[in-house]
Amino acid sequence: MRRTLLSLTLAAAALGCAALAQDMDGAGTDHYYAELSNQCPDKNLQYLSPRELRDGLDDWSGGLSPDAQSKLKQAETAQCSTASAGVGCVNRADIAAADQQGRTRDLAGAICADFLRCRSPGDCDYAR
């Protein structure tokens, strides 16, 4: 009984880790990370936590036109409608919507400006 429970626990943990690792996969996010690498390669901003990235995305989207903001909200609603979707899903939806609107360069530039550097995953300094 204990072995079965332990096996199930380990399997669930492995699935959770796989889901986390895949949290930012996709063509839109590939373009975003490539642009971060082009604009601010020494900052290591690929290590931003989902919450830190959300802060940067919120700052960036606040400067967009109402129409562009509406497109982001539509993407968030369409892709992240369940309560369990979480901030990673919303980040991914915004990055993909920015890519579809041809705004990846602008987005990456804003993220580069919002953060000084990351030393490791989740250990990042805001520029403000």
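Values quoted throughout were computed directly from the atomic coordinates according to the rules given, and no laboratory measurement underlies them. Computed from a predicted model, the values in this text were never measured in an experiment.
Report relative contact order for region 24-126 in percent, whole number only (criteria: Cα-Cα under 8 Å, sequence separation at least 6).
Relative contact order for region 24-126 comes out at 46 percent.
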Exercise for the section: Search the structure for amide H atoms under 5 Å from the amide H of R117, placed 1.01 Å from N in the peptide plane, and list their residues when 5 or more places away or on another chain. Expected result: D125
Exercise for the section: Just the number, please: Stokes-Einstein D of region 24-126 in µm²/s, Kirkwood Rh from C-alpha pairs, 10 °C, 1.306 mPa s. Expected result: 117 µm²/s
Handout entry: Per-residue ³J(HN,Hα) for region 85-99, Karplus 6.51 cos²θ - 1.76 cosθ + 1.60, θ = phi - 60°, Hz, x for Gly and Pro
Key = 4, x, 5, x, 5, 5, 4, 4, 5, 5, 5, 5, 5, 4, 5
